[in-house]
Amino acid sequence: MLIDFVPDTSGVSLAESKGFLKAPGGAPANVACAITKLGGVSAFIGKVGDDEFGRMLVDILAKNGVKSDGVCLDKHARTALAFVTLKRNGEREFMFYRNPSADMLLKESELNMGLIKQAKIFHYGSISLISEPCRSAHMAAMKAAKEAGVLLSYDPNVRLPLWPSADAARQGIKSIWSEADFIKVSDDEVEFLTQKDPQKEDVNFKGKVAGFPVNAIDTTGAGDSFVGALLCSVANDPSIFQDEGKLKEALTFANACGAICTTQKGAIPALPTPSDAQALIAQSKAK
């Protein structure tokens, strides 16, 4: 987890921004909060600094109904910070303050294996693969989940400024690709990882589900909102992968959740409820 500082005005550089909105963030934590906002059950495993920001993040998890038994507090490292530049279309660029931050220092011995083994789905990103000891902890958590029969959900979440080089990022992200049961990936990430046109990489896809037009203000957390909604559906009914109708319904709901999340600044504060998503779906059908 980390703190996102989002400019109060879109379309300006970090230097030009006159003020920032403080928002809790971090992709896996966003997904955990998205799940509970939709009525599911989730827990977060990670490390934050034993500082004002870290304690604030743990408190936000609790307020959002996310179990924080797996969160460690580090007295010797700070909580990570990210300054996010919003372009006029709501897309983002990042500047990170870590090296090392507490999240990078999570050890295998600090993992709450009980939480991992009792889960239905274990969701993770790639940032924790960048450096030790967090990489070893990440790999151990994946191994424990897989051995316990837990489904693995992977978000490559490409953040090039955090990696030593683009090649290191590409290699690291793809190193665990085949382990996942499902992967959330954007067109930009497909282009980066394959070094090919993403429009030509969908030849093996079996279908598409339409999105929802909204006035995007900030895309932070949109993919996490989508993933959280989809994982909720999978956890409630794993058979959706054998039923195209159910799968399309789940993906439509997830698309609505992702779209709604872009209409406010920040990630966790913008996560929708089931009624929010259903209202957008109904509104779209009425047109």
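The values are calculated or read from the model by the stated rules, or taken from the named source; none is laboratory data. Bear in mind the structure is a predicted one, so any value in this text is a computation, not a measurement. So basically every Cβ, Gly included, is an ideal-geometry build from the backbone, and we count neighbours across all protein chains shown.
Filter segment 11-31 down to the residues that are among the small types (Gly, Ala, Ser) and under 22 Å from the mean Cα position of the chain (by Cα), then identify the one that is farthest from THR220 (Cα to Cα). Ranking the candidates gives ALA29 first.
For every residue, the table says whether it meets (1) crowded, with 16+ Cβ neighbours inside 10 Å; (2) in contact (Cβ under 8 Å) with a residue 60 or more places away in the chain; (3) among the basic types (Lys, Arg).
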{"residue": "HIS138", "(1), (2), (3)": "yes, no, no"}
{"residue": "MET142", "(1), (2), (3)": "yes, no, no"}
{"residue": "GLU147", "(1), (2), (3)": "no, no, no"}
{"residue": "ASN157", "(1), (2), (3)": "yes, yes, no"}
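On the stretch given as segment 52-91, residues that are surrounded by fewer than 16 Cβ atoms within 10 Å (Cβ to Cβ) and touching a residue at least 60 places away in the same chain (Cβ under 8 Å) total 4. Count of segment 131-170 residues, restricted to those that are part of a loop (DSSP other than H, G, I, E, B) and charged (D, E, K, R), is 3.
Please specify each residue of segment 1-41 satisfying the condition of being of a type in the set (Lys, Arg) and outside any loop (DSSP other than H, G, I, E, B). Break it down stepwise before answering.
Let us first name the residues in segment 1-41 that are of a type in the set (Lys, Arg), namely 18, 22, 37.
Those that are of a type in the set (Lys, Arg) and outside any loop (DSSP other than H, G, I, E, B): LYS22, LYS37.
What number goes with the only condition from (1) without any contact (Cβ under 8 Å) to a residue 60 or more places away in the chain; (2) closer than 18 Å to LEU193 by Cβ; (3) in contact with a Phe, Trp or Tyr (Cβ under 8 Å, 6 or more places away or on another chain); (4) among the hydrophobic types (A, V, I, L, M, F, W, C) that LEU162 does not pass? Evaluating LEU162 over (1) without any contact (Cβ under 8 Å) to a residue 60 or more places away in the chain; (2) closer than 18 Å to LEU193 by Cβ; (3) in contact with a Phe, Trp or Tyr (Cβ under 8 Å, 6 or more places away or on another chain); (4) among the hydrophobic types (A, V, I, L, M, F, W, C) leaves (1) as the failure.
Among the residues of this structure, PHE44 counts as one that is within 26 Å of THR219 (Cβ to Cβ), hydrophobic (A, V, I, L, M, F, W, C), part of a strand (DSSP E or B) and modelled with pLDDT of 95 or more. Of everything listed in (1) in a strand (DSSP E or B); (2) within 17 Å of the chain's Cα centre (by Cα), the single unmet condition for LEU61 is (1). Considered as a group, the residues in segment 87-122 that are within 17 Å of the chain's Cα centre (by Cα) and not in a loop (DSSP other than H, G, I, E, B) include one that is modelled with the lowest pLDDT, and that residue is ARG92.
Residues in segment 172-186 that are in a helix (DSSP H, G or I), of a type outside the set (Val, Ile, Thr) and surrounded by 13 or more Cβ atoms within 10 Å (Cβ to Cβ): GLY172, LYS174, TRP177, GLU179.
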